[in-house]
Amino acid sequence: MKSLFKTLRHSIPAKAGFGVIITAAVLLEIISASQYYYSRNQLESELEKNVLNELIIKTLRVKDILSLGESALQNHLWYAERFVSEPDSMYAVVERVVAMNANVVGASIAFEPNYYKDKGYLFEPYARREGDSICLQDISGEVHDYTASDFYTVCMEGDTLKWSDPYYDADGAQDYVTTYALPLRDNEGKPIGAMCLDLSLDWMGVIMNQRHHYPSSFNLFLSPDGKLIAGPNPDSVSTEKVDKIVAMINDSSVYREETSNKRTKMLSFDDEGDMAYVYYAYMKGNPHWQVAVVCYDDEVYGKLNQLRVFISILSLAGLLLLCYILWRTARTLIHLHEARLKNESIDSELRVAQNIQRDMIPKDNPPFPDRDDLDIHGQLVPAKEVGGDLFDFFIRDEKLFFCIGDVSGKGVPSALIMAVIHTQFRMASANESNPGRILQNINRIACEGNTFNIFVTFFIGVLDLPLGHLRYCNAGHDLPVLLPAGDGKPVEIPANAHLPIGVFPDTPYQMQEMDITPGSTLFLYTDGLTEARNIHRELLGRERVMQTLEDCVGLDAGQVIQKMTSVVGQYAEGAEQSDDLTMLAIRYTPSQDTDFLQDSISLLNDVSQVVPLNNFVKSVCERVGMDEKSSRNVRLAVEEAVVNVINYAYPLGSQGTISVEARSNGRSLKFVISDTGVAFDPTEASHTDTTLSAEERPIGGMGILLVREMMDSINYERVNGRNILTLIKHFCPLSEYN
């Protein structure tokens, strides 16, 4: 053993082996440190995104509740002005305001002194919620002189009192509230009093304790001057800890930093040995409150730290195992036959390449089991271990992106080009829906460094699933065949002649369009189908393919592929496959459910049309039996979409119309918003609009990102000079809850 070790120590393979061990140890440490640094940065970025999302959601929920309170008061202002001559009817007005909103704890109308002679110098009818009942009383008097209050002086000057900072109302609500007030005017428009609404802050505590991204996180709401408005449940977070955090936020000497998104600030502190972070920001507009979220280092990075220790242990074990393997195998390394090693390496690489290529192509199992509007089946059979054919498909924004291609040549070089083109298709289609522009991007990259002059025939299609509108572009590939839904013969779809990918970098590619009838099938293939040979070296040919497809009309996509595969096998009669064979069948099967509700409204491109739009959407939601929360989300989403059209579809100063059509089959509600303005895709515009926080967005719009969250499906299509935006919301009718 000592003699063997001495021999190995002076041999070149042994020295190389020890060098490998040292190099591997250094590389493993570098890789581990790099992975940890990169992973921590990623988690930190993810933390900031999660925190920002939580702050936005909490802020939006608060804004929504405040907006409901404003609407409640505004909706009853006209009623009070109408019956202002009847002082006793004012009690009914304030009682109605409180009864219509569960978060409203009190409402009042404070009239100017001596307005009603028989009611005394001051008169302020007030309605206060007490359990399930509402108490009515005149709270004015020597103790409560409202004429010196902010809400009264502001309203008597003709202004609206936005939400006040929270305070304890001992005379009226007898609770911690925030107040909103509007001036009450007579027939001549002169302010004669202030109509007020007191909103209880108990609901904010409920919001604080809901839907945290991290289990140990909690939220705080603070007034502009740093006073605590609402916080977590004292049973889960101690009052001392909350006071400590509030003090740090108010202490200007405490170090804080601005996050990378420039929307929030962060400060850190030690919480009994556990590092914690406080992220906070001011709400935009009024009320100008602060909202904060607290999360803990151990919860955010704990698993990463554990993983680092685990990887270090595994790396050490791997090095020890490598040393053992080197010692065990060093005796035979010199005697291994180089040619055998080379052949085994090639075979191994081919198997890996074959597995990689197989994994890149969609599997035979249906990749969209939850959809009933598509039936897709594809198959790739390489002539060698790996091939140069490819097909792919995926769904984005209710559009089916699909492609098929054939790389010139066969074997490993073609497979490498195939992998590059496949990747480029996915990347180019991520934010682009025009097949012509997708092909141009792929072609430009494919031409770079193409010293071997390898080209690729390629076909790209984009099928709009709600409308059945197909946009496509062909780069020298065999024309796809359209199998009709009913009677009729299969026909090749018309396609302009374009050069294959990889020939010239400036080759123009033009998109074409057509409509697909429900029930019809698109059949795409490579020339390995028409050029399949039998034992006599005769080609299968296009005519036999078309004859076979006539028998495939009405079949499922998988049955079409199975039928064509069977025909090729029978024709070949055992002859060796000479070329890669790829087929893709796409059957368009949209739902044919009958809509029990169909209604529409036509609007002008003016923001004043938002009111009739909201009334229309609210009416539709009520008729289909949608619950209030879902109905509110639908109204906000449709309003945001229509306001986008008003702002961007028509040039400034021009007049146009917007059509909003509503349809429902009892399980889903669809809104189709169309206009004849300039082409404008809001689903693309949304990606450039996320630099603004939710508070900085214009009033009445929350961005297309929130539309995506509120609706189950959003889709845009430009057809015959019209912008068509489709929003779909699935729901369960209220009648099924009973």
Measure off 7 Å from each Cα along the Cα-to-Cβ vector at Glu538 and Lys563, then give the distance between these two points in nanometres to one decimal. 2.3
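On full extension of the chain, what length is gained from Leu416 through Glu448, given 0.36 nm per residue of separation minus the C-alpha to C-alpha distance? If you can, show how the numbers build up before the last one.
On the way: separation 32, 0.36 × 32 = 11.52 nm, distance 1.48 nm.
So the extension gain works out to 10.0 nm.
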Between Leu319, Ser631, Thr548, whose Cα lies farthest towards the positive end of the dipole of the chain when Lys and Arg beta carbons carry +1 and Asp and Glu beta carbons carry -1, centred on the Cα centre? Leu319
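Under a Cβ-only charge scheme (Lys and Arg +1, Asp and Glu -1), can you give me the dipole magnitude of segment 217-259 about the Cα centre, in debye to the nearest 20?
60
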Just to check I understand the Karplus step: with θ = phi - 60° and J = 6.51 cos²θ - 1.76 cosθ + 1.60, what whole-Hz values come out for segment 663-678, glycine and proline as x? 9, 8, 9, x, 10, 9, 10, 10, 10, 10, 9, 10, 7, 9, x, 5
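For segment 54-191, what is the charge dipole size about the Cα centre, in debye to the nearest 20, if Lys and Arg each add +1 at the Cβ and Asp and Glu each add -1 at the Cβ?
It works out to roughly 440 debye.
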Counting only protein heavy atoms, what percent of the accessible surface of the chain is carbon or sulfur at a 1.4 Å probe? 52
Starting at the first residue of segment 713-721, write each ³J(HN,Hα) from the Karplus equation 6.51 cos²θ - 1.76 cosθ + 1.60 with θ = phi - 60°, in whole Hz, x for Gly and Pro. 8, 9, 8, 10, 8, 9, 10, 6, x
Evaluated at 4 °C and 1.567 mPa s, the Stokes-Einstein D of segment 376-473 based on the Kirkwood radius over Cα pairs, in µm²/s, stands at 93
Degrees, to the nearest 10: 557-572 long Cα axis against longest axis of the chain: 10
Which residues qualify? For Phe455, with a placed amide H closer than 5 Å and at least 5 residues away or on another chain, they are Ser408
If you place +1 on the Cβ of every Lys and Arg, -1 on the Cβ of every Asp and Glu, and leave all else neutral, what size is the dipole of segment 199-327 about its Cα centre, to the nearest 20 Debye? 580
For the chain, longest principal axis from Cα atoms; helix 89-99 axis from its Cα atoms; angle between them, nearest 10 degrees, is 30
For each pair in Lys262/Lys618; Lys63/Lys670; Lys49/Lys629; Lys384/Lys563; Lys489/Lys670; Lys241/Lys284, compute the distance between the two Cα atoms and list the pairs where it is over 31 Å. Lys262/Lys618; Lys489/Lys670
Packing-based ranking, highest mean first, of 640-650, 654-664, 190-200, 142-152 given that Cβ atoms within 10 Å are counted: 190-200, 640-650, 654-664, 142-152
When the charge dipole of the chain is computed with +1 at the Cβ of Lys and Arg and -1 at the Cβ of Asp and Glu, the Cα pointing farthest to the positive end, of Asn615, Gly449, Pro113, is that of Gly449
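What number do you get for the chain when its Cα radius of gyration is normalised by 2.2 N^0.38 Å, N = residues?
Cα-based Rg divided by the globular estimate yields 1.29.
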Taking H as built 1.01 Å from N, whose amide H comes closer than 5 Å to the amide H of Arg185, not counting residues under 5 places away? Ile192
In terms of the charge dipole of the chain, which places +1 on Lys and Arg and -1 on Asp and Glu at the beta carbon, the residue among Asn665, Val206, Leu522 farthest towards the positive end is Leu522
Please compute the net charge surrounding Val642, taking Lys and Arg as +1 and Asp and Glu as -1 over other residues with Cβ under 13 Å from its Cβ. -4
Charge context of Val177, other residues only, Cβ under 9 angstrom, K/R +1, D/E -1: -3
Please give the length that would be gained between Asn286 and Asp681 if that part of the chain were fully extended, namely 0.36 nm times their separation in residues minus their C-alpha to C-alpha distance (nm, one decimal). 139.0 nm
Proximal charge balance of Leu304 [Cβ under 13 Å; K/R count +1, D/E count -1]: -2
Work out from phi, with θ = phi - 60° and the Karplus expression 6.51 cos²θ - 1.76 cosθ + 1.60, the ³J(HN,Hα) of each residue of segment 233-244, listed in order in whole Hz, and give x for Gly and Pro. 5, x, 5, 9, 10, 5, 5, 4, 5, 5, 4, 5
Which of the lysines could a cross-linker bridge to Lys190, judged by Cα under 26 Å and excluding same-chain residues fewer than eight apart? Lys117, Lys119, Lys162
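The values are calculated or read from the model by the stated rules, or taken from the named source; none is laboratory data. What you are looking at is a predicted structure, and each value in this text was computed from that prediction instead of being measured. So basically every Cβ, Gly included, is an ideal-geometry build from the backbone, and we count neighbours across all protein chains shown. The area values use the complete protein model at the heavy-atom level, side chains included, leaving out ligands, DNA and RNA. Shrake-Rupley method; radii C 1.70, N 1.55, O 1.52, S 1.80 Å.
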